[in-house]
Amino acid sequence: MNNFTNILENGIFIKTSGTTGIPKLIFQPINKIKAANSVSREVQHITKNSRILTVCKIAHAGGLLAQTLPAFEINAHVDIQSFNPYTWVKQIINYTHSHLAPSMADAIIKTKNFSTLNLSGIVIMCGSDKVHCNIIQAFIDRGATFIVNWGMTEVGPVAINKTYYPGDTVEETTGTIMGDSLYCDTKIVDNELYVRGDICVYDNWFATSDYVVKEEGTFYYISRKI
């Protein structure tokens, strides 16, 4: 945990995933981290009494910045573990929050105990890749508050999202839902999403290379720019 204190004092370089090219190091300055931590806590209602189960790799932006560091900054309880869907299902009832990649969420759904799992009062944030409607519906049917989230190493990671609650019905869409709640400035230029703001590592507009559409206030992801 001492490394987290150092991050909050000095910032950190985080490597991008490399899914669309050669991975590169992006420096996260202190002011950006502080602003992003505040947004993450606001969106997910993380308090000093929260209990965070981190299973995404903390070397990546989602694992470190979505819940772990925002919780650590206010002295909330954080457990960091390697991901195992069967272990997660057994342990999650002891926590208030967890952040999952869609592949993790899908693996959890396929465990034999998921159909009887009670996720009432637990917040699940999901991002880093396309989050399909069936994943969202499965978790809210089990009682979770489920947050679909879009962000990048360069912005966020909690930047654009949508929260679903138990009892909601998830709409079928042709695109992938990004969200209707915005925590940065946005504009669309030739179908490409640009962002800027306090939670961005850059001062000026950043071209995300994500093609999106915005319909009735909701952003939908279409594809990556090649």
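The values are calculated or read from the model by the stated rules, or taken from the named source; none is laboratory data. On a predicted model such as this, the values are computed, not experimentally measured, just so you know. Neighbour counts run over all protein chains shown; Cβ positions are idealised from the backbone, glycine included. Note: areas computed on protein heavy atoms with side chains; ligands, DNA, RNA excluded. Shrake-Rupley method; radii C 1.70, N 1.55, O 1.52, S 1.80 Å.
Figures for the structure shown
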{"item": "The one condition in (1) open to solvent by less than 50 Å² (accessible area, probe 1.4 Å); (2) at positive phi; (3) not basic (Lys, Arg) that Ala66 fails to fulfil", "result": "(2)"}
{"item": "Per-region count, the stretch 153-180, residues touching a Lys or Arg at 6+ places or on another chain (Cβ under 7 Å) and either crowded, with 19+ Cβ neighbours inside 10 Å or within 15 Å of Gln67 (Cα to Cα) (or both)", "result": "3"}
{"item": "All positions within the stretch 48-63 that are of a type in the set (S, T, N, Q) and assigned to a loop (DSSP other than H, G, I, E, B)", "result": "Asn49, Ser50"}
{"item": "Top-ranked residue in the stretch 22-47 [being assigned to a loop (DSSP other than H, G, I, E, B), open to solvent by 20 Å² or more (accessible area, probe 1.4 Å) and in contact with a strand residue (DSSP E or B) (Cβ under 9 Å, 6 or more places away or on another chain); ranked as modelled with the lowest pLDDT]", "result": "Pro23"}
{"item": "Residue in the stretch 23-35 that is under 25 Å from Lys162 (Cα atoms) and hydrophobic (A, V, I, L, M, F, W, C) present", "result": "yes"}
{"item": "Enumeration of residues in the stretch 115-129 that are at pLDDT 95 or above and open to solvent by less than 10 Å² (accessible area, probe 1.4 Å)", "result": "Leu119, Ile122, Ile124, Met125"}
{"item": "Index of the failed condition, Val189 passing every other in (1) open to solvent by less than 20 Å² (accessible area, probe 1.4 Å); (2) free of Cβ contacts under 8 Å to residues at least 24 places away in the same chain; (3) of a type in the set (A, V, I, L, M, F, W, C)", "result": "(1)"}
{"item": "The stretch 134-152, subset within 11 Å of the chain's Cα centre (by Cα) and open to solvent by 10 Å² or more (accessible area, probe 1.4 Å), residue farthest from Ile109 (Cα to Cα)", "result": "Met152"}
{"item": "Per-region count, the stretch 62-77, residues touching a residue at least 40 places away in the same chain (Cβ under 8 Å) and not acidic (Asp, Glu)", "result": "8"}
{"item": "Selection within the stretch 99-114 - among the hydroxyl-bearing types (Ser, Thr, Tyr) and either open to solvent by less than 20 Å² (accessible area, probe 1.4 Å) or over 19 Å from Gly151 (Cβ atoms) (or both)", "result": "Thr111"}
{"item": "Residues satisfying the stated conditions in the stretch 39-64, i.e. out of contact with any helix residue (DSSP H, G or I) (no Cβ under 6 Å at 6 or more places or on another chain) and more than 24 Å from Tyr165 (Cβ to Cβ)", "result": "Ala59, His60, Ala61, Gly63, Leu64"}
{"item": "Scan of the stretch 73-98 for residues that are of a type outside the set (Ser, Thr, Tyr) and open to solvent by less than 20 Å² (accessible area, probe 1.4 Å), ordered by number", "result": "Ala76, Val78, Trp88, Val89, Ile92, His97"}
